[in-house]
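Working notes for the structure below.
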Amino acid sequence: MFGVAVLALVALLAVRWALSSPGRGAADRRAATAAAATDVAASGGTAVARAVAATLTADADALSASSDTTAAPGRTPAEPVARATTPAPATAIAQAPTPRPPVVTATSAPPTAAPTQDEGVSSAQWIGRRAEGGELGEYWRLVDTRLGRHDGFTRIVWEWQADMPAPRWQVVERDMGDGAPRTYPPGAISGTAWLEVKLSDVIAMEAPEALEPKASPGGPVVTGVAQLDLRDDAMIGFAVGLARPARFEAAVLDDPARLVLDVFDSP
């Protein structure tokens, strides 16, 4: 019995010395301690042997636990292993639904009907309209100026005597508000508009009656015709009075040679 106790004590002292030795690694010290504990436990069942074996076993366990975090001399200590954790699912933030704009259904506007003559098409659109033609370089003798009434229009005619192309002519519609034309005699025509008619290189010495004022033959538009004071010996002019601005057409006709000016009753 005494020998077993002595063996146990010797083993305990040897292990303690091994544990205090700085040159041995943790694995070597743990193995030596475990082996000593096994030898003491197998040597006998005395109380002293059991106590020493228990102490050696506790030392071996302590070495095993410390070896996970304590590095051997000259080695970098192992970092603790970080365990990945699954993050808790974030609580979804309830958002208010984005309001949608109201759906607008396109509708087609009804087409606007074109105005008819009865609804009153503005006759002022004719102010400034012009027509012209003919040639320069010869002399034409005016023989007659006449007016006639037709269905829906009034015709004014200037006839000349010549076997050559028509003289240079021009017709321009003007507003009476811009100034009444100078006529022979003054104020021979009336209305809110008038047609300025010019005939270049035309003389009327053999037919002075062609220059006399002419009254309207009737109709709602033309109020009369009178000679214009152009103060130009190479040109003869006429003013056609209009009760309102009106549409007109001008053309040169043959047999006899003449300028025809048609003034229409409706726009």
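The values are calculated or read from the model by the stated rules, or taken from the named source; none is laboratory data. Just so you know, these numbers come straight off a predicted model, no measurement behind them. No Cβ is skipped: glycine too gets one built from the backbone with ideal geometry, and neighbour counts run over all protein chains shown.
If the condition is being modelled with pLDDT under 95, of a type in the set (G, A, S) and under 15 Å from A204 (Cα atoms), then region 215-256 contributes only A234.
Of the residues that make up region 187-203, is at least one assigned by TED's automatic domain parsing to the domain that holds I236, touching a Gly at 6+ places or on another chain (Cβ under 6 Å) and among the hydrophobic types (A, V, I, L, M, F, W, C)? Yes: one or more hits. Annotation: of all residues in region 182-214 being in contact (Cβ under 8 Å) with a residue 24 or more places away in the chain and of a type in the set (G, A, S), the one that is nearest to Q125 (Cα to Cα) is A193.
Looking at G128, is it at pLDDT below 90 and either in a loop (DSSP other than H, G, I, E, B) or in contact with a strand residue (DSSP E or B) (Cβ under 6 Å, 6 or more places away or on another chain) (or both)? In short, no. What about G224, is it at positive phi, assigned by TED's automatic domain parsing to the domain that holds T145 and part of a strand (DSSP E or B)? So G224 passes the test. Does region 174-188 contain at least one residue that is modelled with pLDDT of 95 or more, part of a loop (DSSP other than H, G, I, E, B) and surrounded by 19 or more Cβ atoms within 10 Å (Cβ to Cβ)? No. Determine whether P165 is over 21 Å from R146 (Cβ atoms), surrounded by fewer than 15 Cβ atoms within 10 Å (Cβ to Cβ) and in contact with a strand residue (DSSP E or B) (Cβ under 6 Å, 6 or more places away or on another chain). Criteria met by P165. Pick out the one residue from A215, A234, A239 that is crowded, with 16+ Cβ neighbours inside 10 Å and assigned by TED's automatic domain parsing to the domain that holds I189. The unique qualifying residue is A239.
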